[in-house]
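Have a look at the structure below, then the notes.
The values are calculated or read from the model by the stated rules, or taken from the named source; none is laboratory data. If you're wondering where the values come from, they're calculated on a predicted model, not measured in any experiment. When we count neighbours, we look across all protein chains shown, and the Cβ atoms used for this are built from the backbone with ideal geometry, even at glycine.
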């Protein structure tokens, strides 16, 4: 291939025109006549003979013309391919000559596409996809709405209320309840805890409508009081614990020392919308008569299926009218109680959605910044080459060839970037899934979406053509003479082009500011969360859950000494300082509440009783967990099972119910049988129990000895400077040594429990931090590109200034000032955008407002400083301009 | 001339390629060469050479260039390309096999011509 692609490659010569065909024929005939005459024929005879031997001249000419036509066509096709091949090799040469440019463009595209593919894949799976059940849009979740009592709109349900709402609402066809169920599997060697749920019988068969892989799901007969103990297991459980036994259905599992019959195995990959990690399910076998008494309780969560053709709004209206009826029918339990009906998918993703939308938003900004960057780089480059292209054009290169070269160059870059972007997208999706906090709904099902990949890939190629075309048309559509004369000062390298590029860079800075502010706010918020006072001391504490099976610990008299013994044995371990027990560990997601009244006060109206979260603790719990006593005393050894009932209350309960009073000595009525009252002996600090964010809920601590439960957490505090994680094996052994049917479940340092509670915030902060970093880099590249090109374009002007006595320093300053002004404009626009977007992130923030001036100012200063930095190299180059050389170069 | 043979269809191409094997010729030269080497056995309508030459040119088996003939007149010379040379070899072999096979079938040649 020749070096100049502007020239047609020499083929086999141009197809002949008619004149040439004729002269070819004439030559032949003349030679023939001469030859024949040489043999003695007269001219006349020779001409006749020559014509006879030649045949029909007209026919010959037509044959030749036909071939010439075909050849012209072939030549066109062939030369098109040759030209493209040349364009490609020309493009490759260009990239080699300027690898920095190609690298930046490719990396920019790869980052943008990769990040987008990964994020869209995750968001699509977690937020947008329909659930994998028949008619998923008919699935919903019913909650108690106790907002009128100052509670949440998504409180759990009582069995009686749920059944009444389900059966009394025509729009709800089916509904089932579920609750946690984590039995200890006591056979097959060690005792292990198995995560699971109990579900009422219709959950799988009629609500979710899923088929088992083997056996059957539950039937109404499985869910009656005193019915058979039955269990459904997950596919994982079947393969891992039951050894994929094809005869597993019908066998027996010992759960909490009670035999359960395995009735079915769920299909592989089945993850129920509630508790996706569940490995087995059983039935609650509730007695409706007993449950009717507990109408005011909140123990269950639900899934409902709407009747065909009924939508959520319609069903909500029906539910609301039923709620009113229930209020009047059961004033005692249902006053000020409504019901919330949510779509199942929306309900599942509600907690994750704001964060994911923010991530999605910022990743779109990132892609825009990336595209702007590529556009800008290609524009800058085209202008840098204006002179070269103009010269080549003037020397006769075909303009279409010049355009196609530029297009091939940018499409090539876009394709390479796109392919790398696909790779980055696959890797990024995997990384995101690995990084995502536990409990992100449906995260386990996330895979790279081929449609998304295809779309992003097409977008890149489109971008390549577009970005390649604009500069190409700019170059080719111009008056060549003037561009030659003015060396591109009017083209994209000139004032108009610079204005476009300046605007693009300012836009880039503005978008980068938005992402950076978001990341900054989240980072500050996360730092606040991490250092927030939890009300206890997680460092040094090791926690685990233990369940005392009913078969071996039938009553409270068996439970009390067992817990005491566990505490004693653990406290005796070397390196353990103190051991306490609490039935609902902070941040474990567990708690139970109860209504109460302050003794001696006027009883509140029905349904207006205040409620408090009840926690049962042993005397050493305060020390083991580092719970702060505010006043009075903590639970002590003397608070024995037969002694006076005692309780501590937290600061929130004190403020709300004993404002300006000393609560110590007052008594609380929890409606216990026999009229028992609890005497308040002290006040403890509020702790973060439900969330690491502010948690102002009334809580009461009772003596474990006086109100024992068979499932509880134990907290062991390691001696100072000792890593509690190192105690794990000894603690496990100590528990199993006491009774082989016991297992220390969910064993983890408390710092890990806190970290898990922070995981969603950490995930979001990390992601946004990453995006912000990438966006910042892109913005810097964009700034650098534009500034350095504009310096290049103004070299002569700068040279003149130098020649007229301007100092190098002031020339450099001029360049830096330009960059700072550009960034400043971008920052101003960006601040406006960020303020508009601020309310979106507000709900994610802790201890920092969405308009936090520190973050805004910090990010603005950072961007301006970075802009100045990006201008430093071009400024240095400008300051070194040798006026003589620049001026002579003309 | 009366015992001349009409040229079989498709054989013009290979004859032209053969004519150009030892160097460029113009169309008239090709005709001369064919007449010479076959002692006028093959009856060739000389005009048919030209569409054939142009067809070979389109197929890139020969390339053509205007030059000056030995008696100082403008003439178009044809030269074998690499692809043309390869085609000539192949066609020659094919032709030999074909001729042998037909000869064998017609009993002109004995069974000596086993490949």
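Only a single criterion out of (1) modelled with pLDDT of 85 or more; (2) under 41 Å from the mean Cα position of the chain (by Cα); (3) part of a loop (DSSP other than H, G, I, E, B) is not satisfied by residue A:619, namely (2). Can you name every residue in the stretch A:663-683 that is at pLDDT below 90 and under 49 Å from the mean Cα position of the chain (by Cα)? A:669, A:670, A:671, A:672, listed by residue number. Scanning the stretch B:84-112 for residues that are over 29 Å from residue A:65 (Cα atoms) and in contact (Cβ under 8 Å) with a residue 12 or more places away in the chain, we see that the one that is nearest to the other protein chains (Cβ to nearest Cβ) is B:95. Taken over the stretch A:18-68, the criterion of being more than 24 Å from residue B:40 (Cβ to Cβ) and more than 12 Å from chain B (Cβ to nearest Cβ) is satisfied by A:18 alone.
Of the set (1) at pLDDT 90 or above; (2) surrounded by 24 or more Cβ atoms within 10 Å (Cβ to Cβ), all apply to residue A:464 but (1). Residues in the stretch A:836-870 that are in a helix (DSSP H, G or I) and modelled with pLDDT under 85: A:837, A:838, A:839, A:840, A:841, A:842, A:870. Within the stretch B:69-83, is even one residue surrounded by 12 or more Cβ atoms within 10 Å (Cβ to Cβ), part of a helix (DSSP H, G or I), at pLDDT 90 or above and more than 9 Å from chain A (Cβ to nearest Cβ)? Yes, that holds for at least one residue. Any residue that is at pLDDT below 75, within 34 Å of the chain's Cα centre (by Cα) and within 24 Å of residue A:501 (Cα to Cα) - is there at least one of those in the stretch A:345-358? No, every residue in the stretch A:345-358 fails to be at pLDDT below 75, within 34 Å of the chain's Cα centre (by Cα) and within 24 Å of residue A:501 (Cα to Cα). Being modelled with pLDDT of 90 or more, within 30 Å of residue A:146 (Cβ to Cβ) and surrounded by 15 or more Cβ atoms within 10 Å (Cβ to Cβ) holds for only one residue in A:230, A:262, A:303, and it is A:303. If you go through the stretch A:247-257 and keep only what is under 25 Å from residue A:176 (Cα atoms) and either touching a residue at least 60 places away in the same chain (Cβ under 8 Å) or not in a loop (DSSP other than H, G, I, E, B) (or both), you end up with A:253, A:255, A:256. Would you check which residues across the stretch B:8-23 are surrounded by 17 or more Cβ atoms within 10 Å (Cβ to Cβ) and either within 13 Å of another protein chain (Cβ to nearest Cβ) or at pLDDT below 75 (or both) and list them? Those that are surrounded by 17 or more Cβ atoms within 10 Å (Cβ to Cβ) and either within 13 Å of another protein chain (Cβ to nearest Cβ) or at pLDDT below 75 (or both): B:12, B:13.
Quick grid of which residues meet (1) crowded, with 20+ Cβ neighbours inside 10 Å; (2) over 19 Å from residue A:885 (Cα atoms):
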residue	(1), (2)
A:797	no, no
A:800	no, no
A:810	no, yes
A:815	yes, yes
A:821	no, yes
A:825	no, yes
A:835	no, yes
A:838	no, yes
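What number of residues within the stretch B:24-59 are surrounded by fewer than 17 Cβ atoms within 10 Å (Cβ to Cβ) and in contact (Cβ under 8 Å) with a residue 24 or more places away in the chain?
Qualifying residue count, the stretch B:24-59: 4.
Given the condition modelled with pLDDT of 75 or more, surrounded by fewer than 16 Cβ atoms within 10 Å (Cβ to Cβ) and either in contact with a helix residue (DSSP H, G or I) (Cβ under 9 Å, 6 or more places away or on another chain) or assigned by TED's automatic domain parsing to the domain that holds residue A:110 (or both), answer yes or no: does some residue in the stretch A:416-425 qualify? Yes, the stretch A:416-425 contains at least one residue that is modelled with pLDDT of 75 or more, surrounded by fewer than 16 Cβ atoms within 10 Å (Cβ to Cβ) and either in contact with a helix residue (DSSP H, G or I) (Cβ under 9 Å, 6 or more places away or on another chain) or assigned by TED's automatic domain parsing to the domain that holds residue A:110 (or both). Across the stretch A:545-566, a minimum of one residue is classified as in the same structural domain as residue A:709 (by TED's automatic domain parsing), touching a strand residue (DSSP E or B) at 6+ places or on another chain (Cβ under 8 Å), closer than 30 Å to residue A:651 by Cα and part of a helix (DSSP H, G or I).
Remark: pairs (first residue in the stretch A:445-460, within 14 Å of residue A:371 (Cβ to Cβ); second residue modelled with pLDDT under 75; Cβ separation under 6 Å; 6+ apart in sequence or on different chains) are absent. Between A:97, A:93, A:84, A:78, which is over 18 Å from residue B:45 (Cβ atoms), away from every other protein chain (no Cβ under 13 Å), surrounded by fewer than 20 Cβ atoms within 10 Å (Cβ to Cβ) and in contact (Cβ under 8 Å) with a residue 12 or more places away in the chain? Being over 18 Å from residue B:45 (Cβ atoms), away from every other protein chain (no Cβ under 13 Å), surrounded by fewer than 20 Cβ atoms within 10 Å (Cβ to Cβ) and in contact (Cβ under 8 Å) with a residue 12 or more places away in the chain holds for just one of A:97, A:93, A:84, A:78, which is A:84. The condition of being assigned to a loop (DSSP other than H, G, I, E, B) and at pLDDT below 95 holds for residue A:244. Taking residue A:843 as the residue in question, decide whether it is touching a residue at least 40 places away in the same chain (Cβ under 8 Å), farther than 18 Å from residue A:858 by Cα and either surrounded by 21 or more Cβ atoms within 10 Å (Cβ to Cβ) or assigned by TED's automatic domain parsing to the domain that holds residue A:372 (or both). Here the answer is no, as residue A:843 does not meet what is asked.
Taken over the stretch A:191-212, the criterion of being over 22 Å from residue A:172 (Cα atoms) and exposed (fewer than 15 other Cβ atoms within 10 Å of the Cβ) is satisfied by A:192 alone.
Conditions tested, residue by residue: (1) more than 21 Å from residue A:143 (Cβ to Cβ); (2) assigned to a strand (DSSP E or B); (3) touching a residue at least 24 places away in the same chain (Cβ under 8 Å); (4) in the same structural domain as residue A:443 (by TED's automatic domain parsing).
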residue	(1), (2), (3), (4)
A:259	yes, yes, yes, no
A:264	yes, yes, yes, no
A:268	yes, no, yes, no
A:275	no, no, yes, no
A:284	no, no, yes, no
A:289	yes, no, no, no
